[in-house]
Amino acid sequence: MRDFLPRAAARRLSLAARLGRVFETWGYARIITPVFECADVLERGLGGDARAAAIRFVEPGTGEVVALRPDITAQVARLVATRLAEHEGPVRLCYEGAVYRLSGRLADEMGQREILQAGVELIDLAAPAGDAEVLAVAAAALASASLAETRLDIGHVAPLRYVLDHVPEAARDDLQRALAKKDRARLRAIAGTLSPGLAPLVAELGSLWGAAVPTLQRAAALPWPDEVRGALEQLRVVLHKFGELADPPAPEVTVDLGDVRGFDYYTGVRFAGYAGGASDAVLRGGRYDSLIGRYGRPAKATGFAIDVEGLAQAQRAADQPLAIARGVAVFGQGAPALARSLRSHAIRAVTCPELPTASWLGHAGLDAAVLVDRGELLRPDGSTSVVAMTPESLATLLGGS
Amino acid sequence: MSAASPPLVTAARPLVLALPKGRILDEALEVFARAGLDLSSIKNNGRKLVHDCGALRVLVLRSSDVPVYVAHGAADLGIAGSDVLDEEGLDLYEPLDLGIGQCRMIVAERADAPIDDRSQIHLRIATKYPRTTRAYLARKGITAEVIALSGAIELGPLTGLSDRIVDITQTGETLKQNGLVEIDTVGQVSSRLVVGRAALKLRGAEVGDLIHRLEAAVAAAPAA
């Protein structure tokens with residue numbers, strides 16, 4: 001848990017607002033869901049990782065076990081299956097809010113984390129059209145953060161699922177660990193113990209990542225069964241349709257077919273977004289056709305969530321300036337009226353009962369003080385200049401946000 | 001909304017590589033040399049901590065800090081012992097076993113005072129690797145007290161601090177000199193190439209190229 005001071009809060013909120021605008025322009029309607037709800041209900045819609053990370057407590061009023069949402073997708077799934085059950089699809093929804101998780105690499109370092117997320121869910125639109133659309137929205141969302149270095153990394157769960165379903169039970173954990181690390185030597189060693197049909201697939205799965213076209217070509221050259229071939233072909237189609245749908249310039253797309261994270265949750269195309277300056281994915285999503293059915297209305301669905309904090313870190317690392325409106329303190333005769341008209345010029349204006357000091361301007365995050373009686377502008381560095389005391393000339397002088 | 005966004009700057013920055021100081025460093029530099037990457041200037045630069053070597057910027061760190069730098073993205077990739085990686089337990093890619101820094105993680109006790117299982121004492125084990133040791137004990141179904149130390153582990157049984165130790169050993173010479181004898185192997189240790197989660201995706205082409213070159217260099221290594 002942490003506090004956000006004004007500048008940090010401004011960055012996160014302006015990012016969340018930009019993301020929300022992108023989602024809305026793509027036709028996604030905003031919903032708000034509760035921060036906690038009955039644990040049994042919430043957990044039905046969580047993947048294994050999110051379930052383990054959920055913070056539960058007994059609600060003293062009712063004695064009921066409730067859980068803070070570790071994920072908003074489960075709540076959207078519940079809504080779609082219940083309140084929106086009679087709605088004609090496809091349904092396009094978006095959300096923004098905090099999720100809460102236990103996190104920490106060691107059990108004894110476990111702490112609670114609050115993560116600000118913004119995301120979309122597209123329900124009742126099957127592959128490949130639905131996947132291509134949410135990918136295009138994801139690309140637009142990443143682009144709205146104005147970062148130089150971003151990537152969309154796309155995969156499909158089919159190759160991994162096929163391999164995990166067919167290796168002997170005893171080798172499964174070891175294989176999953178080796179894949180998580182992309183440990184080539186270990187994967188080759190495991191492959192050596194497997195049937196000739198499976199061995200080349202296991203040996204290569206940890207290396208099937210990189211630029212989209214060559215990676216898919218390498219994957220296609222392996223002896224996959226028809227169902228995996230179909231999935232790889234679907235991935236190719238999704239990439240093509242994404243190219244048509246996405247706003248140029250779309251971020252560079254890479255492919256990773258060996259990503260094991262959250263594979264128990266996704267049922268088809270899955271993807272992640274990365275940004276220079278953030279040490280892990282800032283966006284994760286994919287198709288989850290079996291999730292909404294857990295709440296009683298089977299539906300095809302896909303979506304993604306953005307870690308707003310991760311994106312804010314990337315912006316800071318890239319020295320991305322904060323988009324805050326200009327602000328001034330107004331002091332002297334007629335200050336209320338002048339402040340009022342400055343506000344109508346989209347300038348933040350504080351009326352001061354006492355003469356503001358330069359150092360206070362800095363602390364308050366204001367760009368200048370308008371000293372009406374002296375006809376002067378005082379800057380946070382202590383410098384002053386003589387200016388005309390009209391809202392228009394002040395607005396011009398201060399510039400936009 | 002992109003109209004108000006500042007222009008994009010695409011600065012090709014060097015890949016940041018974290019190397020552990022100490023005995024692994026020389027072996028690591030040899031592997032890089034065989035891969036066609038001359039990092040020898042690191043050795044001649046005294047106390048400098050950051051070295052610019054063409055396409056690579058090299059940080060020389062304490063070995064246990066290497067995975068931390070990579071996990072937080074302060075380095076794109078690094079070289080770290082599997083002992084350190086298992087202990088830190090960070091979520092990193094480990095695409096390559098470099099076959100250097102080979103040793104074993106073992107359990108040892110005093111040669112002159114072996115612990116008889118029938119003595120039914122509650123074992124105390126001193127180690128620099130508490131997490132790995134707990135995992136080993138859990139695998140074996142043994143409950144024991146793990147005492148975390150940061151060096152001179154061999155002193156534990158000699159001073160009565162602990163009954164046994166879990167530590168790494170190459171030749172067993174230090175153990176022998178301190179009157180200790182190995183009773184079990186926890187695992188094999190060697191140095192790995194580790195890559196950060198974002199680095200593998202954002203710098204995939206360069207990282208992939210480096211992995212292939214290092215893999216060839218490892219395959220061409222003279223037999224130890």
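The values are calculated or read from the model by the stated rules, or taken from the named source; none is laboratory data. All of these numbers come straight from a predicted model, not from anything done at the bench. Positions of Cβ are backbone-derived with ideal geometry, glycine not excepted, and every protein chain shown enters the neighbour counts. Quick note on the areas: whole protein, heavy atoms, side chains included, nothing else; ligands and nucleic acids left out. Shrake-Rupley method; radii C 1.70, N 1.55, O 1.52, S 1.80 Å.
Relative to the present Cα-Cα distance, how much length would full extension add between A:Ser344 and A:Ala129 at 0.36 nm per residue of separation? Don't skip to the answer; put the middle values down first.
On the way: separation 215, 0.36 × 215 = 77.40 nm, distance 4.44 nm.
Using 0.36 nm per residue and subtracting the Cα-Cα distance, I get 73.0 nm.
Hey, what angle do you get for helix A:335-344 against the long axis of chain A, alpha-carbon based, 0 to 90 degrees rounded to 10?
30 degrees
How big is the dipole moment of the protein assembly as shown about its Cα centre under a simple scheme where the beta carbon of each Lys and Arg is +1, that of each Asp and Glu is -1, and everything else is neutral? Debye, nearest 20, please.
It works out to roughly 760 debye.
Using a Förster distance of 41 angstrom, determine the FRET efficiency expected from the C-beta separation of B:Ala33 and B:His122, and round it to 0.05. Mind showing how you got there, number by number?
Values: r = 50 Å, r/R0 = 1.23.
According to the calculation, E is roughly 0.25.
Within segment A:137-180, what residues put their amide N at less than 16 Å from the label point 7 Å along the Cα-to-Cβ vector of B:Asp86?
Within reach of a label on B:Asp86: A:174-175, A:177-178.
Considering only DSSP beta bridges with both partners in the protein assembly as shown, what is the antiparallel share in %, to the nearest 5?
75 percent
I need the calculated FRET efficiency for the pair A:Thr396 and B:Arg13, taking r as the beta carbon distance and R₀ as 51 Å, to the nearest 0.05.
0.85
Name the residue from B:Ser162, B:Met105, B:Ala18 whose Cα lies farthest towards the positive end of the charge dipole of chain B, charges +1 on Cβ of Lys and Arg and -1 on Cβ of Asp and Glu.
Result: B:Ala18.
Residues of segment A:348-389 with the amide nitrogen closer than 18 Å to a label point 7 Å from the Cα of A:Ala10, along Cα-to-Cβ, please.
Counting only backbone N, you get A:348-351, A:357-370, A:378-382.
If R₀ is 56 angstrom, what is the calculated FRET efficiency for the pair A:Leu322 and A:Arg188, using the beta carbon separation as r and rounding to 0.05?
0.70
Using +1 at the C-beta of Lys and Arg and -1 at the C-beta of Asp and Glu, which of A:Ala314, A:Gly262, A:Ala301 has the Cα lying farthest in the positive direction of the dipole of segment A:238-340?
A:Ala301
Shape call for segment B:103-189 from the C-alpha gyration tensor, a ≥ b ≥ c root eigenvalues: rounded (a/c under 1.5), prolate (a/b greater than b/c) or oblate?
Judged from the Cα gyration tensor, segment B:103-189 comes out rounded (a/c under 1.5).
Using Cα springs under 10 Å in a Gaussian network model of chain A, which residue among A:Ser207, A:Ser359, A:Ser146 shows the largest mean-square fluctuation?
A:Ser359
Per residue of segment A:191-204, in order, report the coupling 6.51 cos²θ - 1.76 cosθ + 1.60 (Karplus, θ = phi - 60°) as ³J(HN,Hα) in whole Hz, putting x for Gly and Pro.
Each residue of segment A:191-204 in turn: 4, x, 9, 9, 5, x, x, 8, 3, x, 5, 5, 4, 9 Hz.
Nearest-5 percent of antiparallel DSSP beta bridges in chain B?
Of the beta bridges lying entirely in chain B, close to 65 percent run antiparallel.
Quick check: from the Cα gyration tensor, does segment A:206-314 come out rounded (a/c under 1.5), prolate or oblate?
oblate
Across peptide A:306-319, what mean number of C-beta atoms from other chains lies inside 10 Å of a residue's C-beta?
Taking the mean over all residues of the peptide, I get 1.
Could you give the nm distance between label points at A:Phe36 and A:Ser385, where each point is 7 Å from its Cα heading toward the beta carbon?
Spacing of the two 7 Å Cα→Cβ label points: 5.4 nm.
Please label the shape of chain A as rounded, prolate or oblate, based on the square roots a ≥ b ≥ c of the eigenvalues of the alpha-carbon gyration tensor (a/c under 1.5 means rounded; beyond that, a/b larger than b/c means prolate, else oblate).
The shape class here is prolate.
Counting each DSSP H run of 4 or more residues in chain A as -39500 (n - 2.57), what helix-only mean residue ellipticity at 222 nm follows after dividing by all residues, to the nearest 500 deg cm²/dmol?
Dividing the helical sum by the residues of chain A leaves -11500 deg cm²/dmol.
For chain B, set up a GNM with springs between Cα atoms under 10 Å and report which of B:Leu200, B:Leu49, B:Leu214 has the largest fluctuation.
Of B:Leu200, B:Leu49, B:Leu214, the Gaussian network model singles out B:Leu49 as fluctuating most.
Taking chain A as a Gaussian network, where each spring joins two C-alpha atoms under 10 Å apart, which residue of A:Leu222, A:Leu342, A:Leu198 fluctuates the most?
Taking springs between Cα atoms under 10 Å, the residue moving most is A:Leu342.
Could you tell me what % of all Cα pairs in segment A:327-398 have separations over 17 Å?
Numbers: 769 of 2556 pairs.
Result: 30 percent of Cα pairs exceed 17 Å.
Separation between the A:Val65 and B:Lys21 pseudo-spin-labels, each 7 Å from Cα along Cα→Cβ, expressed in nm?
In this crude spin-label approximation the distance works out to 5.0 nm.
Starting from the Cα coordinates of segment A:150-275, work out the convex hull volume and express it per residue in Å³.
Values: hull volume 12.9 nm³, N = 126.
Taking the convex hull of the Cα positions in segment A:150-275, it is 102 Å³ per residue.
Per residue, how much accessible surface does the protein assembly as shown expose to a 1.4 Å probe? Answer in Å², no decimals.
Details: 28810 Å² over 625 residues.
I get 46 Å² per residue for the protein assembly as shown.
Under the rule of at least 5 residues apart or a separate chain, name every residue whose amide H is placed under 5 Å from the amide H of B:Leu180.
Amide H neighbours of B:Leu180: B:Ala111.
In debye, nearest 20: dipole of segment A:150-275 around its Cα centre with unit charges on the Cβ of K, R (+) and D, E (-)?
The dipole magnitude comes to about 320 debye.
So which GluC sites (Glu not before Pro) in segment A:65-169 pass both tests, a DSSP loop state and at most 16 other Cβ atoms within 10 Å of the Cβ?
A:Glu86, A:Glu88
Given +1 on the Cβ of Lys and Arg, -1 on the Cβ of Asp and Glu, and no further charges, what dipole in debye does segment A:101-207 carry about its Cα centre, rounded to the nearest 20?
I would put it at about 480 debye.
With an 8 Å cut-off on Cα pairs and a minimum separation of 6 or more residues, tell me the relative contact order of chain A in percent.
17 percent
Take A:Ser103, project a point 7 Å from its Cα along the Cβ direction, then tell me which residues of segment A:48-62 have their backbone nitrogen under 20 Å from it.
Residues A:48-57 fall inside that zone.
If the cut-off is 16 Å between C-alpha atoms, which lysines fall inside it for B:Lys201, apart from same-chain ones fewer than 8 positions away?
A:Lys181, A:Lys182
A:Arg21 versus A:Glu169, label points 7 Å from Cα toward the beta carbon: distance in nm?
Taking the two extended label points, one gets 5.6 nm.
If the chain between B:Arg213 and B:Leu158 were fully stretched, how many nm would it gain, using 0.36 nm times the residue separation less the Cα-Cα distance?
Details: separation 55, 0.36 × 55 = 19.80 nm, distance 4.63 nm.
Using 0.36 nm per residue and subtracting the Cα-Cα distance, I get 15.2 nm.
Using a 10 Å cut-off on Cβ to Cβ distances, tally the other chain neighbours for every residue of B:200-210 and report the average as a whole number. Write out the running numbers ahead of the final one.
Working: counts 7, 15, 11, 4, 11, 3, 0, 2, 5, 0, 0.
Partner Cβ neighbours, averaged per residue: 5.
Hand me the GluC sites (Glu not before Pro) from segment A:294-401 located in a DSSP loop with no more than 12 other Cβ atoms within 10 Å, in residue order please.
A:Glu354
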